Amino acid sequence: MNKYLIALILSIAYPICLSSQNIYGTVIGENHTKLSLATVALLEKRDSIFISGVVSNDDGSFSFKTNPSNRLIKVSCVGYKTRVIPAADSMTVLLQTSERTIKEVTVTATRPTFKMKQGMFVSTIQGTVFSKLGKVTDVLHQLPMMSSDGISVLGRGTPLIYINNKLMRNSSELQRISSDMIKDIKIDMNPGAKYSSNVRAVIFITTVKPLGDGFGGDMTFQESVSSCWNTYGEMNLNYRKKNLDVFISTALSDFNNLHSQRKDVYNFKYNNKDIYANYEGDGYQSSKNGYFSLGFNEQVTSKQSIGATYTFSRVFSNNMTQTYHNQMIMDSGTSEFDTSNHNFTQNGSHTMSVYYENKFNDKLSLNVDGTYAHYNNYNKQTVNTTDTDNSSTLIPASRSNSDMAAIKSIFTSPIALGKLEYGFETTYTRYRQKYNVENNDYNGELKNSDNESRQTAANLFVNYSREFGKLYTQMGVKYEYTNYDYDSNGKRIDESCRTYNYILPSLTVSYNIKKVSLALSYNIYTSSPSYSQLDDGLQYISDFRYYRGNSQLKPTYNHDISLIASYRDFQLTCDYTYLKNAIITWFDVMESTPAVLSTDKNFSYSNIYSTISYSPTLFRIWKPSWNIQMYKQWLTYDGLSYNHPSYMIEWKNLITLPKDWKIIVNANGHLRGNADTYMARPSMRVNMAVQKNMNNWRMKFGVSNAFNSKEKGYSQYVNAYTSHYVNNYNPTFYLAFTYSFNPAQSKYKGKSAGQSEINRL
């Protein structure tokens, strides 16, 4: 098998390319000065339909990877007359100075927030109300098809994010980009074969040309208060000189405190006796964490570039103290006792990425990325239990560390009037977890364990895309090879060791009919359990609940059919997915102690997800967005049905006022419905903020969870019933100041490797 895999990898490195033509040009003024930031549009010659657009570089250059025949080039620039000329292989566009003097221009945009192109949602940010929101994260939260809480694509979950074709490694990278530096944002909800199988959405953020050489950056300071005070500080610096780009980011969250109230209920049968158990109490959390990132990019020649990034993150201390009153009602009577649980966590990570890019010629480019990541985590609990007669102490501790190394190569070449992408990715991962009880007098259910997972994986992929007028097609295939080994207490567990071989095809077809855009796709992809889910060790959660991983969990094999449609301000998505060996949560009863045991199991079922979004512009100042979502699964396990549909609604509001004031009000909520084996109860969350921009300064005052929405839900199993209630004592009020100077974006072009493995650690 290894010889076969090596032969495939070597053979794919020798491209066979067919000739194609590109468009290269330069925009100049009447005095032959090279004009940057000119808008260059590619049009169909027969009907002037817009195909694509770019902004000219510092030297006035622009390019399109397409045949110039039957194409027009439209060039416009502030202060110059617009020109439309036939496209050619090589061209120089001379713009004449406009005779009119523009004193003041007010632009009112009524175009749709999104348009569909090549099966992706594309939103132009530059020149719109979104460009004044502050950071990239602020923009993403307000876009339709995006959640207003966190960075999540509706129906697709957490996406991969590329910034100028470089994979984002740390969310801090988003903080380095101001909204007025964004050219456009693309959301790909049907990624091709070149991405990891578990990638369900990809966001591409393209920035406008930076201001030039020099030193720049931004600093943010934020204070917030709910039941406790919290402090956050962040600094991003960038230095650019000719072809060298160096960037540094650091942040520190100090006095990150939280006060919460929780109630859990467990109803189960133990030794043929009905038991009703519950605990209720308060929790206080205090943590200190931070990160540091350093990187560089060097444009060695006009065709070659190299770069590297290093990121260190650390939770210096995370202390949580929970005090609960426990009650257990049995046939023989009621017992009550108090528990004090002090949980201490400390973890850190080191991530190093390097890349090399070479554009050999117009027909072939290569991007090679290497990544090494190391993670470590330490957690220790001190549980003191007291009742009327006696007291006891339990001290469980866990340590985990992991290492991951990956390399990924992508070749890109034009072929048959389309684009061919092919390459390979290989990873090696080692994950080790130790669990032990530190008090010597303990003789309960918990046992010391030292387990280790090792995985070697490789995949080969080919992806081809091409436009046929209004029709766009993308097709690809991926071969995945995985070898997994598992040791428990130094002994190999044969039944948990396995090898997988998958062939994963993908196909996307999109078509534009006047103002209607449609995209239909079919994908087969896999999703793997996290390494912590694969650890068989028993872990303490509470006096009434324990957790055990499952080393025999299989990857989920997914068949997905997706339909995406867009018309003016309306967007629609509909997904049907069959999940073979899906991972579901299951509760059962412990054998020798009155408590429930949660674990993960494989089970196949199907689901459907749909969303409709409407995002108009009203009264020139109001940009609302309504999202209505529906999720329905067909899951029946051990005779129990978990098929209640879930409905969610999200209402976003962005109001622009004079003098650069903005009001943001976002609300989202959901009705009762199943997700996996969990039944979520109805809830609603509202976030509000007022923002003021002042030259290089930005001030933002807001409140999160204004009406103190609480987390509530329950699960019904064959042998147990569980429910929980969490109150985090919101709302949270915050005040943030950001200062920016001489902004300049990084030129880093690495794609990064092994991202799917890092997400499992």
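Read the figures in this text as sums done on the coordinates, not as results from a lab. Please read all numbers here as calculations on a predicted model, not as lab measurements. Cβ: placed from backbone, ideal geometry, glycine included. Neighbour counts: every protein chain shown.
So, with +1 on the Cβ of K and R and -1 on the Cβ of D and E, and no other charges, what is the size of the charge dipole of segment 387-492 about its Cα centre, to the nearest 20 debye?
Using only the charged Cβ atoms, the result is roughly 800 debye.
In vacuo Debye scattering of segment 428-506, one point per C-alpha: log10 I(q)/I(0) at q = 0.17, 0.18, 0.21 Å⁻¹?
Debye curve over Cα of segment 428-506, log10 I(q)/I(0) at q = 0.17, 0.18, 0.21 Å⁻¹: -0.80, -0.85, -0.97.
How much length is gained if the chain between L471 and V726 is pulled fully straight, taking 0.36 nm per residue apart and subtracting their Cα-Cα distance, in nm to one decimal?
86.8 nm
Could you list which residues have their amide H under 5 Å from that of A38, counting only those 5 or more apart in sequence or on another chain, with H placed in the peptide plane?
S56
Using a simple spin-label model with points 7 Å from Cα along the Cα→Cβ vector, what separation in nm is obtained for K242 and R620?
5.0
Let me know the volume per residue of the alpha-carbon convex hull for segment 125-280, in Å³.
200
I need the calculated FRET efficiency for the pair Q96 and M352, taking r as the beta carbon distance and R₀ as 56 Å, to the nearest 0.05.
According to the calculation, E is roughly 0.60.
Residue separation times 0.36 nm, minus the C-alpha to C-alpha distance between T137 and D149: what's the value?
Taking 0.36 nm per residue and subtracting the Cα distance, the gain is 3.3 nm.
How do the peptides 713-720, 479-486, 457-464 rank, highest first, by the average count of neighbouring beta carbon atoms within 10 Å per residue?
457-464, 479-486, 713-720
Which links in K34/K242; K45/K65; K380/K491 stretch past 20 Å when you go from one Cα to the other?
Distance filter (> 20 Å) returns K380/K491.
Give me a comma-separated list of calculated 3J(HN,Hα) values for segment 591-602, in order, Karplus coefficients 6.51, -1.76, 1.60 applied at θ = phi - 60°, integers in Hz, x for any Gly or Pro.
In residue order, the calculated couplings are 7, 10, 8, x, 7, 9, 10, 9, 8, 10, 9, 8 Hz.
Label points 7 Å out from Cα along the Cβ direction at F707 and S391: separation in nm?
Output for this residue pair reads 4.4 nm.
Name the aspartates and glutamates eligible as straight-distance cross-link partners of K363: C-alpha to C-alpha under 15 Å, and not fewer than 8 places from it in the same chain.
Those aspartates and glutamates meeting the cut-off are D89, E421.
Tell me, in nm to one decimal, what length is gained between L563 and D450 on full extension, where the rule is 0.36 nm per residue of separation less the Cα-Cα distance?
Result: 36.0 nm gained on full extension.
Any of K135/K659; K166/K359; K186/K652; K81/K514 with alpha carbons more than 22 Å apart? Name them for me.
Long pairs (Cα-Cα over 22 Å): K81/K514.
Using the Cα centre of the chain as the reference point, and only Cβ charges (+1 on K/R, -1 on D/E), how large is the resulting charge dipole? Debye, rounded to the nearest 20.
Computed about the Cα centre, the dipole is about 3360 debye.
Between helix 2-12 and the chain, what is the angle of the helix's C-alpha long axis to the longest principal axis, kept within 0 to 90° and rounded to the nearest 10?
Value to nearest ten degrees: 20.
When all alpha-carbon pairs of segment 404-538 are counted, what percent fall beyond 23 Å?
55
To the nearest µm²/s, what D does Stokes-Einstein give for segment 22-94 at 25 °C and 0.890 mPa s, using the Kirkwood radius over alpha carbon pairs as Rh?
So the translational diffusion coefficient is about 205 µm²/s.
May I ask for log10 I(q)/I(0) of segment 115-207 at q = 0.23 Å⁻¹, from a Debye sum over the Cα atoms as equal point scatterers with solvent left out?
Reported log10 I(q)/I(0), two decimals: -1.29.
Grab the beta carbon distance between K359 and Y284, set R0 = 60 Å, and tell me the FRET efficiency rounded to 0.05.
Efficiency, rounded to the nearest 0.05: 0.60.
Among C574, T66, Y714, which residue has its Cα positioned farthest towards the positive end of the charge dipole of the chain, with +1 placed on the Cβ of Lys and Arg, -1 on the Cβ of Asp and Glu, and the dipole taken about the Cα centre?
T66
So if R0 is 60 Å, what FRET efficiency would D676 and V300 give, r being the distance between their Cβ atoms, rounded to the nearest 0.05?
0.75
Identify, among Y431, V589, N653, the residue whose Cα sits farthest towards the positive end of the charge dipole of the chain, taking +1 on the Cβ of Lys and Arg and -1 on the Cβ of Asp and Glu, with the dipole about the Cα centre.
N653
Quick one: pull the percentage of alpha-carbon pairs in the chain with a separation above 49 Å.
When all Cα pairs of the chain are counted, 20 percent exceed 49 Å.
Would you list which lysines come within 21 Å of K632, measuring only between C-alpha atoms, while excluding same-chain residues fewer than 8 positions from it?
K580, K601, K712
Please report, in Å, the Rg and the Dmax of segment 325-381, where both are computed over Cα atoms only.
27.4, 82
Putting +1 on Lys and Arg Cβ atoms and -1 on Asp and Glu Cβ atoms, find which of L538, V462, G370 reaches farthest to the positive end of the dipole of the chain.
It is V462, whose Cα lies furthest towards the positive end.
With θ set to phi - 60° and the Karplus curve 6.51 cos²θ - 1.76 cosθ + 1.60, what are the ³J(HN,Hα) couplings of segment 523-531 in order, to the nearest whole Hz, using x for Gly and Pro?
9, 10, 9, 10, 9, 9, x, 5, 5
Is it possible to state the helix-based mean residue ellipticity at 222 nm for the chain, with each DSSP H run of 4+ residues giving -39500 (n - 2.57), the sum divided by total residues, to the nearest 500 deg cm²/dmol? What is it?
-1000 deg cm²/dmol
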